Every structure is written in C-alpha cells, then in structure tokens.
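These notes concern the structure reproduced below.
The values are calculated or read from the model by the stated rules, or taken from the named source; none is laboratory data. For clarity, every value in this text was computed on a predicted model and none was experimentally measured. Every residue, glycine as well, gets a Cβ built from its backbone with ideal geometry; the counts of neighbours run over all protein chains shown. Just the protein is used for accessible areas: all its heavy atoms, side chains included, with ligands, DNA and RNA removed. Shrake-Rupley method; radii C 1.70, N 1.55, O 1.52, S 1.80 Å.
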Amino acid sequence: MKSNDKINYLQKQLQIIKNYYQVRDFDSVIQKSRIVLKQFPDQIVFFNALGLAYKEKGELDLAEETLLKGLKINPKEVNILCNLGLISKAKQKTKEAAEYYKRSLKIFPDHIPSIVNFANLKKDLGLTDDAIKLLLKALKINDQLSEVHINLAIAYKSIGKFDLTKKHCEFLNDKYPNLTIADNLLSQITDYSKNNEHQAIMVKKIVNKDLSIMDEIYLNFGIAKSYEDQNKFELSLEFLNKGNNIKRNSLINYKFENEISFFNNIKKLNKSFTFTKNFQSHKKFIFIVGLPRSGTTLTHQIFSQHSNIYGAGELTYFNYLMDNLKLDLILDKNEKFSLNEIGSNFIKKIDSLNISEEIIVDKTPENFLWIGLIKLLFPESKIIHCKRQVKDTAFSIYKNLFQGSSYGWSYNKDELARYIKLYFELIHFWDQEFPDDIFHSDYEALVLNPEAETKKLFDFCDLSWSKEFLNVEKSNTPIDTLSSAQARKPIYSNSVNYYKNFENLTDLFSKL
C-alpha cells in the first residue's frame, strides 16, 4: 500500500472507530481495531482504542494487556501511559496508576489528559487540595477545555466552595451551553425558591431536539429539583419520571435478575472464603453502610470531627468485587479472588493514603453487601448501619441522579422497591450472623435528638464524645456524594417524612 493510501486508510478507519466509540458500540471498536492492527501492528493509536474498549466492557486484564503491547512499541507514548493509569485505578492499584501518570507527565508535562486523570485519582484518594492544584495547572495550559472546568466544579463542590463551583459551571453554560452536566451540578447547589434564573435556562434547553440522551437526563433531574425547591411538586415529579425513564432505558446491559442472583449467593460468601494469615494493620476501621440517602454522609461527617479519625469518604474498594466476582466465581473458589489478596490490597490502598490518624472511616453505602467479608478480614472493625424511614429513603433515591451506571435499580419504581426488599433481607441475615457487631443508627432519631444518638454511636466505637462533633457545617472533610450541599448545613430535621409532599402523586410508596 502506498504511503498516501496507507495514511488515508488509517485515518478513515480511526474515524469509523471513533464513531463506534461515541455510540458505545465497543464490540465494533474491538473488531475494527483488531483488523487494523493485524495489518499494521505498529499503529499505537489503535492499541489505545482497543484497550479503552476493553476497559469500557469491564475486561480490565485484556485492556491492560493490550495497552502494554502498545507501550512496548513506544515506551514514551503518553496516551498509552495515561490510559494504563486509568486501568490501574479501575483495578484498585492506585500506586501503579500514580506511577503511570508521573511517567507520562515526566515525558510531556503539559499532557492535559494525564493531568486531569491524575487529579481525579488524587480526589478519589481524598487528596482534594492536590487534585485542585493539578487542575489549576491544566487551566493555565488551556483555560478553554470543558473537562478541566467540569472537574474543578466537582472538586470545589466536594469541599463546600460553592461560589467557585458556580463560577466554573457558569463558564461552561456560556462557552458550552449544550454541556448540561454543568446545569446538573448547578442545580445541586442552587436554591430555586430564591433564584429561578437558571431554571428558565434549563427549561429553554430541554426543548432542544439535538440533545443527547445524557443531556436530557441531566436536564430532567435538574429541572425536577428546581420545581421541588419551589414546592411545585406535581411539576417536579413530571420531570423526575421522565429523567428516571430515560436513564433506566439507557442502561441496556443492566438486568435486575442479576441483583436477585447476587443477593442469593452473597449469603454464602463468609462460608466459602478461607484465608491463611491475619491482616495486620496499625489502623482501626469504622465502616458506615446502608442504602444510599439513608444518612451515611451525615454520620461520616460527625465522626470526621474527631481528631483521631480520618474521614475517607467512599473508598468503594469492595465495589470492584461486584463486577469481578459476578455471582458465581467466588462460589467456585477462584484463587484469583482469594481472601488474602482482597485483604492485602485493601491494606495497600489504605497505606497509599498516608493517613496520620489512627482510625479510618469508610462510608461506602454498598458495603452492607460485604459485612461478612469485612468481619472476616477485620474482626475488630466497627459496623454502623444507617437506616431511615423507608418511604423517605426510597423517594430520595428516586429523585437523585447517581454517577455513571451505578444503582441501575434506582431508576425504575418496581426495581427500586424490589431492591429495598432484598436489602432488608440481607441486613436481617447479617444480624443473625453477627448479632452484636452491627450498630443500627436511626436517621430520624439522629436528626431529632443528635446529642443522645451520637453519644450512643461513639460509645459503640469506644470513642470519646464532644458536643463539637455536632457542628458538621464546620467540617473541612471533602464530600464527593450527592449530599455535598446538604451536609454543609447544620443538622436539620425537615427531611423527616418529606415523602408526604409526593404521597398522592406517585405509586412508588404503594410498591413498598
């Protein structure tokens, strides 16, 4: 093939692959990339495309293997190094991820994808100040890039600097009006009962025929929140139902039947695991678990006020087991996922945080799935289970848009109700297994009588208590969850029985 013909062919194939990638047809990306690489095995850009497609499909080992082949061809290819950082992070290998980003930035200090991904790694490790420094560096290199402004808005929101969140969102609204993630971020920090200017902007955008599915989702949830602030509950629910329907339909690979199988099998976990060593750590652990929107963030913020406690937020370490162990692998005693490896990798992740405090609080709600595993790994750890009035919990879940494809069951009222039933059954199971090891913290009691309830919490964890711990609005601990705005306020109780505002407008509550 002549040189010009080769260039034209490769450019055409790359554009085809990009088109497949944009519509998330990763099987076609893989097929096309393989064909090109078979003919031109030195074309690194196609190794990148192939590796990222495997990553999107959750095939992380194949993704890593593919990218490492590309790296052998050119060890200084920064895009390969950057994407290997993404894969390592997805595999919970945070130290390796950091090293890949450092290698990339040593070769090309102004490589913005590496800077942004390194910043996100830092943020996920709770090092929000470091993340912001990296993002501000990227902003100096190019102050027009949307991904830099989005990530800065998210980072500032997590530490309660809502004025700076607003500044970056307003830049995005002006420069990239179709990038509606900025509208969704703004909606989370705006009180529309006092200012409805942004509501009018969102309502105007929603009629645009050229919106992507994700843009529609962001806007519907944002508009729903704006009408809720104005006590226009019927209008709010109208947009909320639309947003949930579109989001659920977009999750084409999600099957609720997998949840049922997973819950059925997970009860056998603590009987199928064996390990050959004790996991020594100089740290003590408190795990705060429960359904989303059940008070886990508030409880985390209260504990984080203690001078000897590091509030790590949602470490989400055990979540990867849900993908990698997929229902039956663990029951087949696959050595790849031995208890030894799981425990050792968790300790490595903790050590990578360089935490000086003696006690670490992890508030990943889904850890209620892994209570048996946690008690096997760390028998001295404390488990706080946050529970809330079920109708308030269910509606709060239904009205919020979660990150990525997580909580696929939350966008359909039938599936939401069925998942809550599975959750209750599993909590009952853990209570039978560990009758004295789980403290059930009642959200309503906590917000109505915070002093008495927090004393019980701290007593359960063998910790000293101070009234100062109740001043959660003064906390500097980053909050990366949907509760980042609410948790910056003093403890309040007006969310108790909040579902009643919608009780006559939806059939959700009858399903519970």
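For the reader, a short list of remarks on this structure follows.
- When the C-alpha to C-alpha distance is required to be over 19 Å, the pairs from LYS91/LYS387; LYS93/LYS133; LYS209/LYS242; LYS12/LYS38 that qualify are LYS91/LYS387; LYS93/LYS133.
- Applying the Karplus relation 6.51 cos²θ - 1.76 cosθ + 1.60 with θ = phi - 60° to region 442-456 yields 3J(HN,Hα) values of 8, 4, 4, 5, 5, 7, 7, 9, x, 5, 5, 6, 5, 4, 5 Hz, where x marks Gly and Pro.
- Per residue, the chain exposes 47 Å² of accessible surface when a 1.4 Å probe is rolled over the protein heavy atoms with every protein chain present.
- Inter-label distance, nm, simple model (7 Å from Cα along the C-beta direction), ASN501/SER307: 4.0 nm
- Maximal additional length on extending the LYS18-ILE201 stretch stands at 62.7 nm, based on 0.36 nm per residue less the C-alpha distance.
- Cβ-defined net charge surrounding PHE108, 15 Å radius [Lys, Arg +1; Asp, Glu -1]: +3
- Between LYS284 and ILE359, ILE360, the built amide H atoms are under 5 Å apart, and every one of these is 5 or more places off in sequence or on another chain.
- Net length available on complete extension from PHE429 to GLN230 is 67.5 nm, with 0.36 nm assigned per residue and the Cα-Cα distance removed.
- Take every Cα pair under 8 Å whose residues are at least 6 apart in sequence, average their separation, divide by the length of the chain, and the relative contact order is 13 percent.
- Environment charge of SER226, counting only residues whose C-beta is closer than 11 Å and scoring Lys/Arg +1, Asp/Glu -1: -3
- Taking label points 7 Å from Cα along the Cα-to-Cβ direction, LYS69 and GLU451 give a separation of 6.7 nm.
- In order through region 68-82: 3J(HN,Hα) via Karplus (6.51 cos²θ - 1.76 cosθ + 1.60), integer Hz, x for Gly, Pro: 5, 5, x, 5, 5, 5, 9, x, 10, 7, 5, 5, 5, 4, 4
- Taking a straight Cα-Cα cut-off under 16 Å and skipping sequence neighbours fewer than 8 places away in the same chain, the aspartates and glutamates within cross-link reach of LYS106 are GLU77, GLU96.
- Length added when fully stretched, LEU353-ASP191, from 0.36 nm per residue minus Cα-Cα: 54.8 nm
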